[in-house]
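Undergrad: Let me give you the structure first, and then I'll get to my questions.
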Amino acid sequence: MAPERLTRSSTMPSTYRFPEGFLWGAATSAYQIEGSPLADGAGPSIWQRFAHTPGMMHDGDTGDVACDHYNRWREDVALMAELGLQAYRFSISWSRILPEGRGRVNRAGLAFYERLVDALLERQIMPVATLYHWDLPAALDDMGGWLNRDVAHWFADYATVMYEALGDRVPMWATLNEPWVVAHAGYVEGTLAPGHRNLYEAPIVAHNLLRAHGAGVQAYRASAKQQIGLVVNLEPKYSASQDERDLRATQHADAYMNRQYLDPAMLGAYPGEMREIFGAAWPDFPAEDLALIRQPLDWVGVNYYTRSVNAYSAKRWPVQARPVRQKHATYTETNWEVYPRGLSETLEWVTKRYGRVPLYVTENGAAFFDPPTPIDGAVDDPNRVEYYRRHIRAVHDALRAGADMRGYFAWSLLDNLEWSLGFAKRFGIVHVDFESLGRTVKRSGRFYAEIIRTNGGAL
Ligand code: BGC
């Protein structure tokens with residue numbers, strides 16, 4: 001069915017209709033919600049180590065308890081059903097499955113995800129599994145982690161264990177979540193695990209992430225036969241001025257974040273700018289690696305939060321661009337500009353550059369302040385409601401412009417551990433009281449449930 005828009009006005013709610021079969025879901029990740037990171041024989045991950053390193057986490061927060069989803073998964077699946085979610089995107093903790101990262105399989109860890117998937121299926125919620133959402137087994141990090149070329153095979157072996165266990169029940173898989181963040185925040189900025197700051201490591205890590213992705217897709221074709229894709233975070237880059245240096249910095253920022261991963265995965269080559277950006281730190285990668293990286297994908301997932309406007313800054317690295325704050329714009333609690341038009345532009349850009357591939361918005365959402373404890377049993381979050389309204393409209397705009405949009409996932413189902421920002425930044429459509437661990441559906445959750453019920457409806 002062709003997407004239909006009945007009426008449209010930017011300020012008043014209008015009626016939107018999404019195509020039949022459009023998938024509405026919500027997303028989370030293992031370390032951010034599960035807690036009990038070492039339970040039932042699991043091995044430590046790099047996040048376990050990072051979070052327990054003094055000074056790395058806001059307020060010393062850790063994922064030791066997080067949302068206690070490891071014990072409360074039944075209640076959480078019931079909440080998903082109450083919201084009418086059609087799909088749930090979660091990630092699997094590699095070191096629960098393979099405590100040493102490779103070799104011995106920990107059946108008890110596997111059983112957790114088997115129970116979760118069965119409970120989702122019982123409620124007719126489609127499980128969408130991400131194999132890697134940033135929590136590399138610490139044992140592999142001890143062998144170099146993403147710097148070691150063997151990581152591609154370690155990943156494919158782990159993926160095969162998962163495909164064999166759940167391939168019949170999980171129809172949609174993602175290899176990696178946001179490889180750019182893994183390489184940039186983990187190996188350039190050092191703000192996320194494993195906390196390195198090394199220009200020479202970043203391209204190698206990025207390349208090995210992509211090789212792991214390719215090997216993971218190949219392994220999928222050999223052992224399971226539904227759908228597999230890659231999830232990237234994209235952020236349209238605008239130049240702050242027409243000044244030559246600003247324009248060039250913006251082009252570099254775009255290559256670094258938006259094309260460094262999708263170009264090799266979809267087109268089989270790195271953007272030409274990579275060498276200019278990294279200089280001597282950019283190695284020559286063998287052609288056969290690029291052949292491994294470029295695997296046919298069933299879908300691409302786009303995580304979208306914001307845009308950036310860039311000006312040249314000699315002090316920044318590896319890209320000499322600094323973000324310029326916009327006057328008259330709304331910023332979220334993570335200091336990200338609310339810019340819904342960037343989402344339609346991004347989805348249209350992917351379609352134009354890489355062809356009409358099936359697309360999902362695999363994450364979209366915002367941190368705004370919510371009280372730590374609900375007031376009179378309720379959480380009223382009008383800013384988040386407005387964020388969702390405007391971004392879901394933007395997805396519809398992309399559909400009308402010809403993007404092959406298949407679904408949308410809110411980030412996040414639950415308030416959770418926002419990595420090194422700890423529990424202070426709340427992204428949930430369901431509030432979590434981190435004292436009592438009680439869950440309360442926010443107004444945004446009810447709003448989203450109504451969108452799902454009406455397949456668009458009054459936006
Ligand atoms: C990540 C999530 C994170 C969210 C908000 C994405 O980069 O995939 O894990 O919580 O953005 O920062």
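Undergrad: Filter region 230-246 down to residues that are among the acidic types (Asp, Glu) and in a helix (DSSP H, G or I) and give me whichever is surrounded by the most Cβ atoms within 10 Å (Cβ to Cβ).
TA: Selected residue: 246.
Undergrad: For residue 231, state whether it is within 16 Å of the ligand (Cβ to nearest atom), more than 22 Å from residue 363 (Cα to Cα) and touching a residue at least 60 places away in the same chain (Cβ under 8 Å).
TA: No: the conditions fail for residue 231.
Undergrad: May I pose another question? Can you name the condition, by its number, that residue 243 falls short on among (1) more than 19 Å from residue 212 (Cα to Cα); (2) modelled with pLDDT under 95; (3) of a type in the set (Asp, Glu)?
TA: Status for residue 243: all satisfied but (2).
Undergrad: Now for a separate question. Suppose we filter 215, 249, 219 for residues that are in contact with a His (Cβ under 8 Å, 6 or more places away or on another chain), away from the ligand (no atom under 16 Å from the Cβ) and in a helix (DSSP H, G or I); which single one remains?
TA: 215
Undergrad: Here is a further query. Can you pull out the residues in region 186-203 that are among the aliphatic types (A, V, I, L, M) and either free of Cβ contacts under 8 Å to residues at least 12 places away in the same chain or assigned to a loop (DSSP other than H, G, I, E, B) (or both)?
TA: Correct list: 192, 193, 199.
Undergrad: Another question, if that's okay. If I go through region 125-157 residue by residue, how many of them are in contact with a helix residue (DSSP H, G or I) (Cβ under 8 Å, 6 or more places away or on another chain), more than 16 Å from the ligand (Cβ to nearest atom) and either assigned to a loop (DSSP other than H, G, I, E, B) or closer than 29 Å to residue 78 by Cα (or both)?
TA: 6
Undergrad: So, in region 399-423, of the ones that are within 18 Å of the chain's Cα centre (by Cα) and more than 16 Å from the ligand (Cβ to nearest atom), which residue ends up surrounded by the fewest Cβ atoms within 10 Å (Cβ to Cβ)?
TA: 406
Undergrad: Looking at residue 310, is it within 16 Å of the ligand (Cβ to nearest atom) and either surrounded by 15 or more Cβ atoms within 10 Å (Cβ to Cβ) or under 26 Å from residue 425 (Cα atoms) (or both)?
TA: no
Undergrad: So residue 362 ticks every box in (1) touching a strand residue (DSSP E or B) at 6+ places or on another chain (Cβ under 8 Å); (2) among the hydroxyl-bearing types (Ser, Thr, Tyr); (3) without any contact (Cβ under 8 Å) to a residue 24 or more places away in the chain but one. Which box is left unticked?
TA: Going through (1) touching a strand residue (DSSP E or B) at 6+ places or on another chain (Cβ under 8 Å); (2) among the hydroxyl-bearing types (Ser, Thr, Tyr); (3) without any contact (Cβ under 8 Å) to a residue 24 or more places away in the chain one by one, residue 362 breaks only (3).
Undergrad: Just name the residue that is surrounded by the most Cβ atoms within 10 Å (Cβ to Cβ) out of those in region 364-390 that are within 16 Å of the ligand (Cβ to nearest atom) and farther than 24 Å from residue 88 by Cβ.
TA: Only one residue fits best here, namely 383.
Undergrad: Here's another thing I want to ask about it. Looking only at strands (runs of 3 or more DSSP E) that lie completely in region 265-328, which have at least 1 residues being touching a Pro at 6+ places or on another chain (Cβ under 9 Å)?
TA: 299-303, 308-312
Undergrad: Test of understanding: among 185, 193, which residue is closer than 23 Å to residue 49 by Cα, of a type in the set (A, V, I, L, M) and more than 15 Å from the chain's Cα centre (by Cα)?
TA: Working: 185 fails: more than 15 Å from the chain's Cα centre (by Cα).
After ruling out the rest, the residue left standing is 193.
Undergrad: Run down 333, 337, 345 and say which single residue is in contact (Cβ under 8 Å) with a residue 12 or more places away in the chain, among the charged types (D, E, K, R) and touching a Pro at 6+ places or on another chain (Cβ under 7 Å).
TA: Of the residues listed, the single one that is in contact (Cβ under 8 Å) with a residue 12 or more places away in the chain, among the charged types (D, E, K, R) and touching a Pro at 6+ places or on another chain (Cβ under 7 Å) is 345.
Undergrad: Can you find even one residue in region 269-276 that is surrounded by fewer than 20 Cβ atoms within 10 Å (Cβ to Cβ) and touching a residue at least 60 places away in the same chain (Cβ under 8 Å)?
TA: To start, the set of residues in region 269-276 that are surrounded by fewer than 20 Cβ atoms within 10 Å (Cβ to Cβ) comprises 269, 272-273, 275-276.
Retained after the next criterion (residues that are touching a residue at least 60 places away in the same chain (Cβ under 8 Å)): none.
For region 269-276, residues surrounded by fewer than 20 Cβ atoms within 10 Å (Cβ to Cβ) and touching a residue at least 60 places away in the same chain (Cβ under 8 Å): absent.
Undergrad: I'd like the full set of residues that are β-branched (Val, Ile, Thr) and more than 16 Å from the ligand (Cβ to nearest atom), limited to region 313-336.
TA: Matches in region 313-336: 319, 324, 330.
Undergrad: Related question: Considering only region 424-450, state which residues are surrounded by 19 or more Cβ atoms within 10 Å (Cβ to Cβ) and within 13 Å of the ligand (Cβ to nearest atom).
TA: 425, 426, 427, 428
Undergrad: Does region 234-246 hold any residues that are within 16 Å of the ligand (Cβ to nearest atom) and either over 16 Å from residue 353 (Cβ atoms) or of a type in the set (A, V, I, L, M) (or both), and which are they?
TA: Result: 234, single match.
Undergrad: Hey, another quick one. Restricted to region 74-101, and to residues that are surrounded by fewer than 20 Cβ atoms within 10 Å (Cβ to Cβ) and free of Cβ contacts under 8 Å to residues at least 60 places away in the same chain, which residue is nearest to residue 152 (Cα to Cα)?
TA: Of everything passing the filter in region 74-101, 100 is nearest to residue 152 (Cα to Cα).
Undergrad: If you go through region 15-47, how many residues are in a helix (DSSP H, G or I) and either within 16 Å of the ligand (Cβ to nearest atom) or out of contact with any helix residue (DSSP H, G or I) (no Cβ under 9 Å at 6 or more places or on another chain) (or both)?
TA: Final tally of qualifying residues: 6.
The values are calculated or read from the model by the stated rules, or taken from the named source; none is laboratory data. Keep in mind the model is a prediction, meaning the values are calculated, not measured. Glycine also receives a Cβ, built like all others from the backbone with ideal geometry; neighbour counts cover every protein chain displayed.
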